[in-house]
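Structure, as structure tokens:
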Amino acid sequence: MTTILIVEDDRLLLEGLAYTLEKEQYEVLAAGSYREGAAYLQSHRIRIAILDIRLPDGSGTELCREIRRSSGTPVIFLTANDTEPEIVAGFDLGADDYISKPFSMEVLLRRVKAVLRRTEDDEAGMERHFIYKDLKIDYGKMTVWKNDEELRLTTTEYRLLEALAQNSGQVMTREMLLDRLWDQSGNFVDENTLSVNIKRLRDKLEDDPKNCRYIKTVFGIGYTWGDG
């Protein structure tokens, strides 16, 4: 199911947006503040983000910056101030579309579907799946399956898995992985956090964590994917 994050401090509008999108069979994460939105970014894999520009405890533009630090997730801005400088600034940050308030739910729905179609077309020519043994990674949907059962990974676990799988056959040093795990607040993930996430990922992937088939340790250097 496509997961959509909405960050909007107008509670009635937020509820209306969530209702409209859920009727279309989207999974909706509804946040009323910057803090809530940032927490969802950390804990979920988002397919598209709809962000209000002005929030009581921050801004949608800063959330967009956080998204762009780690992914190309599409972003649609909502704003009551449709001045040209603000719109241009939003696109410069990497926004995919801009919707000025007030707007109809039908217009928003059409915009969401259009952005999703564009991004799916962009990905069509790319390798979207990685299959190894009984594991399958869908890069487009950011989902991971083992023995036809979806694994529930955190954002950090998924990013770590993706980095290793995309560099299969190469040794990824701990420094390289730390760079890939640059967190949403702009701070480096520390060595302990990396070790904890490697362990958690192994617990979810491996049948026997003492005999790893997927993530192999290269002692004193880092990790590599697969058992060769």
So what's the angle, to the nearest 10 degrees on a 0 to 90 scale, between helix 60-70 and the longest Cα principal axis of the chain? 20
Taking the dipole about the Cα centre of the range 3-124, with the C-beta of Lys and Arg at +1 and of Asp and Glu at -1, give me whichever of SER43, ILE53, THR79 is farthest to the positive side. SER43
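Work the Kirkwood hydrodynamic radius out for the range 129-225: mean of 1/r over every pair of different alpha-carbon atoms, inverted, in Å. Walk me through the numbers before you get to the answer.
On the way: mean 1/r = 0.0732 Å⁻¹.
With all distinct Cα pairs of the range 129-225 included, I get 13.7 Å.
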Out of all DSSP beta bridges in the chain, what portion is antiparallel? Express it as a percent rounded to 5. 55
Hey, can you find the accessible area per residue of the range 3-124 for me, probe 1.4 Å, expressed in square angstrom? 48
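Can you tell me the order of 46-53, 26-33, 168-175, 157-164 when each peptide is scored by its average per-residue count of other Cβ atoms within 10 angstrom, highest first?
Values: 46-53: 23.8, 26-33: 18.4, 168-175: 13.4, 157-164: 20.2.
Highest mean packing first, the order is 46-53, 157-164, 26-33, 168-175.
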Using 7 Å Cα-to-Cβ label points, what is the ARG117/THR193 separation (nm, one decimal)? 3.9
Computed lengthening from ARG213 to GLU149, 0.36 nm per intervening residue step minus Cα-Cα distance: 21.2 nm
Share of alpha-carbon pairs per 10 Å distance bin for the range 3-124, given as whole %: 13, 51, 33, 2
Give me the percent of the accessible area of the range 129-225 that comes from carbon and sulfur atoms, probe 1.4 Å, all protein chains in place. 50
As a test of reading the structure, rank MET142, MET176 by solvent-accessible area (1.4 Å probe, protein chains only), most first. MET176, MET142
Taking a spot 7 Å from the Cα of ASN167 along the direction of its beta carbon, which residues of the range 189-209 have an amide N less than 18 Å from it? 189-199, 201-202
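Given 4 °C and 1.567 mPa s, compute D for the chain with the Stokes-Einstein relation, Rh being the Kirkwood radius over Cα pairs; round to the nearest whole µm²/s. Don't jump to the answer; show the numbers that get you there.
Working: Rh = 18.9 Å.
Diffusion coefficient, whole number: 68 µm²/s.
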Computed FRET value (nearest 0.05) for ASP203 with VAL88, which takes r as the C-beta separation and R₀ as 30 Å: 0.05
Once the Cα atoms of helix 191-205 and of the chain are each reduced to a long axis, what angle between those two axes, in degrees from 0 to 90 to the nearest 10, is obtained? 80
For LYS210, go through the lysines and keep the ones whose alpha-carbon is under 19 Å away, minus same-chain ones fewer than eight residues off. LYS133, LYS146, LYS199
When DSSP assigns beta bridges and you keep just the ones with both residues in the range 3-124, what percent turn out antiparallel, to the nearest 5? 10
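Using just the helices of the chain, give the 222 nm mean residue ellipticity in deg cm²/dmol: DSSP H runs with n ≥ 4 each add -39,500 (n - 2.57), and the total is spread over all residues, rounded to 500.
Numbers: 8 runs with 98 residues, N = 228.
Value at 222 nm, helices only, nearest 500: -13500 deg cm²/dmol.
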Amide H of THR2: which non-local residues (sequence gap of 5 or more, or other chain) have their own amide H closer than 5 Å, using H built in the peptide plane? GLU27
Against the longest alpha carbon principal axis of the chain, how many degrees, from 0 to 90 and to the nearest 10, is the axis of helix 84-93 turned? 10
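The values are calculated or read from the model by the stated rules, or taken from the named source; none is laboratory data. Quick caveat: nothing in here was measured; it's all calculated off a predicted structure. For neighbour counting, all protein chains shown are included, and Cβ atoms are generated from backbone atoms with ideal geometry for every residue, glycine included. What goes into the accessible areas is simple: the full protein's heavy atoms, side chains included, and nothing from ligands, DNA or RNA. Shrake-Rupley method; radii C 1.70, N 1.55, O 1.52, S 1.80 Å.
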